[in-house]
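Peer 1: Pasting a structure here, questions to come.
The values are calculated or read from the model by the stated rules, or taken from the named source; none is laboratory data. As the structure is a computational prediction, the values presented were derived from the model and not from experiment. All Cβ positions, even for glycine, are placed from backbone atoms using ideal geometry, and neighbour counts span all protein chains on display. Calculation scope for accessible area: heavy atoms of the full protein, side chains included, ligands and nucleic acids excluded. Shrake-Rupley method; radii C 1.70, N 1.55, O 1.52, S 1.80 Å.
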Amino acid sequence: SNTLRPYLNAVRSTLTAALCLENFASQIVEKHNVPEVESGTTKEVLLNPLVVSRNENERVLIESSINSVRVSIRIKQADDIERILAHKFTRFLMMRAENFIILRRVPIKGYDISFLITNFHTEQMYKHKLVDFIIEFMEEVDKEISEMKLSLNARARIVAETYLSQFV
């Protein structure tokens, strides 16, 4: 939609800038390479986190470091039904995190789903394709939850009509 496009463009350009990653060995444990955005052991290589917000209920947190980027997404949830559907949908995806490679099993507090992109991911995959995947995911998850809500309301209407027809 037209209102979603500027928000997604802002997320796209911020992610593209944040994905300038390089290999960085641990400063604490020899021959280890951990995502610094997760461990936070070397404060010098952590960048300021950025929040791209469409409104108070829909936002993206982008946390960058020298060798990793964590992207946390808060999905639009206008009412209780959307909140339940978003929770079930994201939980379904996170249980299959190993199939998505960059998806984290547990989101950051206050967000619905999180991705972790390391320098190894950017070496093995195209950077612009990673950005495209996250943007497309944001578009599709919103669409999917809206479709599930419409389907749920239609099924509820049919059930209510069937149940109430017994009393007529």
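Peer 1: Using alpha carbons only, how many degrees (0 to 90, rounded to 10) separate the axis of helix 127-165 from the longest principal axis of the chain?
Peer 2: 20
Peer 1: Excluding ligands, DNA and RNA, what is the solvent-accessible area per residue of the chain at a probe of 1.4 Å, expressed in Å²?
Peer 2: Accessible area per residue: 61 Å².
Peer 1: When a/c is below 1.5 the answer is rounded, else prolate if a/b is larger than b/c, else oblate, so apply that to the range 53-96 with a ≥ b ≥ c taken from the square roots of the Cα gyration tensor eigenvalues.
Peer 2: oblate
Peer 1: Considering only lysines 8 or more places apart in sequence, or on different chains, count the pairs in the chain whose C-alpha atoms sit under 17 Å apart. Mind dumping the intermediate values first?
Peer 2: Values: Lys76/Lys88; Lys76/Lys109; Lys76/Lys143; Lys76/Lys149; Lys88/Lys109; Lys88/Lys143; Lys88/Lys149.
Lysine pairs satisfying the spacing and distance rule in the chain number 7.
Peer 1: Separate question: With a cut-off of 8 Å between alpha carbons and a minimum separation of six or more residues, what is the relative contact order of the range 1-120 in percent?
Peer 2: About 22 percent, as a whole number.
Peer 1: Go through (i) 1.06; (ii) 1.48; (iii) 1.26 and flag the label whose value is the computed Cα Rg over 2.2 N^0.38 Å for this structure.
Peer 2: Evaluating Cα Rg over 2.2 N^0.38 Å on these atoms matches (iii).
Peer 1: Starting from 0.36 nm per residue, how many nanometres of slack lie between Ser146 and Val45 once their C-alpha separation is accounted for? Walk me through the numbers on the way to the answer.
Peer 2: On the way: separation 101, 0.36 × 101 = 36.36 nm, distance 3.95 nm.
Here the answer is 32.4 nm.
Peer 1: Same structure, new question: What part of the accessible area of the range 67-168, given as a whole %, is carbon or sulfur when the probe is 1.4 angstrom?
Peer 2: That share works out to 59 percent.
Peer 1: Could you check the spin-label model distance between Leu4 and Gln124? Points 7 Å from the Cα along Cα→Cβ, value in nm.
Peer 2: 2.9
Peer 1: What's the local net charge at Ala154, with K and R +1, D and E -1, over the other residues with C-beta under 14 Å away?
Peer 2: +1
Peer 1: Where both partners of a DSSP beta bridge lie in the chain, what percent of those bridges are antiparallel, to the nearest 5?
Peer 2: Around 100 percent antiparallel, to the nearest 5.
Peer 1: Another question, then. Helix 4-18 sits at what angle to the longest principal axis of the chain, using alpha carbons and giving 0 to 90 degrees rounded to 10?
Peer 2: 20
Peer 1: Per residue of the chain, what 222 nm ellipticity follows from adding -39500 (n - 2.57) for every DSSP H run with n ≥ 4, rounded to the nearest 500?
Peer 2: So the calculated ellipticity at 222 nm is -16000 deg cm²/dmol.
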